[in-house]
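Data block below; observations after.
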Amino acid sequence: MPAVLRVVLDQLVAPTHADLGMASRELTRALVRAAPAGCVVAGIVPAASDVAGVVEGAVPGLADLSRMALPRRELAASWQLGVAPGVGGGMIHSPTLLAPLVKHDRVHASDQTVVTLWDLDAWDRPAELARGAVTWHKAMLKRAVRFADAVVVPTHAMAVRVSELGSFGDRVRVIAGAAPEGFAVPVDEIGRRRALDLPEGFVLVSGSSAPSAGVSDAFAAVVASGIDLPVVVLDAPEGDEPGVLDLAAAAGLGEGHVHVRGALEDADRAAVLGGAVALLAPSRLSAFPWRVVEALAAGVPVVASDTDVHREVVLDGGVFADAAEGLGEALAGVLAGVLASTTAVERFGVLAADRGRAFSWAGAAERVWQLHADL
């Protein structure tokens, strides 16, 4: 009998966030490819229509699918209460915090449950989230304190924070995420940008009108830098475009100077990065900075706020702005230096690409397999 690692794949059939869906898909694909001799990967999924077709299309090579009786929302509520009938034991790995965190026997039955935290938004910015989402995340972390055999986080900076939120001891492990496998500027990048109605040569920002995103600081930086370039904002939630444009107008960016788009498919995001002269990363949250990692992979210069997370992820692949005298002004000075000449842009692009090669789902999968072997 092979050893079976079962991965919770709710984000493939009922995604709550595009990046969580991407991470679940890419990690599980890599786990299948990296499976040691005598080991296979299976899935745990909520009830949904055509669940087998969706999962098999996203992650070929799974040995089995355990279908739960409840749809995702009801399953999340059930597992929050510690009610997890029909799940079974064995090795369970969740690429998110959603997992059957219940009492189990790791010593005698070899049962183990591992969960993943990509952000601490419920603690960092609770006022910007729905109350139910904050309650669920905090309740699930409490269950993880009691029942998780390990909690995976993407950075050492987040590991410090998580250790302060619960008595995890040595159960917090650091395994970073990555850009999607094969993520690169596509050959049809120009056509994709035209289809998205985007200009060529712009400063790129990811975020929303929420204060924690820091988009207003990014707009202030572009204005203060004196650089006459358009700005593209990605990942704006549906209906948030007017709020983002209001922030742009307040910063002094004229009408038509800012282009706001929502979540995009991988190839479209790569095409957008292909038209960017730099990525501004103003957020100071502890969340894993997915767009920063993708910018590094695409060789786009990165200008980031000086935080522990950005220092750890970007390292020597970008430039940091100290917010001691105001983040907008600090970002402006650094951005102006990065875009001072074609030579500077090319140099910072090379540094970004070099750092981008440090992140891979293959490496993440190997560490996940090793984690479960250690347990």
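Every number in this text was worked out from the coordinates using simple rules, so none of it is lab data. The model shown is predicted, which means the values in this text are computed figures rather than measured ones. Ideal geometry is used to build each Cβ from the backbone, glycine not excepted, and the neighbour counts take in all protein chains shown.
Details
- Per-residue ellipticity at 222 nm from helix content only, as computed over the chain with -39500 (n - 2.57) for each DSSP H run of at least four residues, stands at -13000 deg cm²/dmol.
- Nearest-0.05 FRET efficiency for Ala3 and Lys103, computed from C-beta distance (R0 25 Å): 0.70
- 13 Å reach of a label modelled at Arg367, 7 Å along Cα-to-Cβ, counting backbone N of segment 167-200: 172-179
- Charge dipole (the chain, unit charges on Cβ, about Cα centre) - positive-most of Leu20, Phe202, Ala144: Ala144
- P(r) tail fraction, the chain - alpha-carbon pairs more than 41 Å apart, %: 14
- Within the chain, the selection of entire DSSP H helices by a Cα span of 20 Å or greater along the long axis and an average Kyte-Doolittle value of at least 0.0 returns 18-34, 342-356.
- Computed over the chain: relative contact order in percent, which uses C-alpha pairs under 8 Å that are six or more apart: 15
- With at most 11 neighbouring Cβ atoms within 10 Å, loop trypsin sites (Lys or Arg not before Pro) (DSSP) excluded, longest segment of the chain: 104-356
- Euclidean distance of C-alpha centroids, segment 16-71 and segment 322-338, integer Å: 43
- In this label model, Arg33 and Leu65 are separated by 2.3 nm, measuring between points 7 Å along each Cα→Cβ vector.
- Charged-residue dipole, Cβ positions (Lys, Arg, Asp, Glu), the chain about Cα centre, Debye nearest 20: 1300
- The per residue volume of the convex hull around the alpha-carbon atoms of segment 189-356 is 102 Å³.
- Contact order relative to length of segment 189-356, as percent, for alpha carbon pairs under 8 angstrom and 6 or more apart: 25
- Residues Leu204, Leu62, sorted so that the one with the fewest Cβ neighbours within 10 Å comes first: Leu62, Leu204
- Only one residue of Gly328, Ala364, Val102 has its Cα farthest out toward the positive end of the dipole of the chain, where Lys and Arg carry +1 and Asp and Glu -1 on Cβ, and that residue is Val102.
- Of the residues Met158, Val134, Leu117, the one whose Cα sits farthest towards the positive end of the charge dipole of segment 113-168 is Val134 (charges of +1 on Lys and Arg Cβ, -1 on Asp and Glu Cβ, taken about the Cα centre).
- Residues within the reach of a label modelled at Leu315 (point 7 angstrom out along Cα to beta-carbon, backbone nitrogen below 15 Å), restricted to segment 175-206, are 175-179.
- Length released on extending from Arg357 to Ile190, taking residue separation times 0.36 nm less the Cα-Cα span: 57.7 nm
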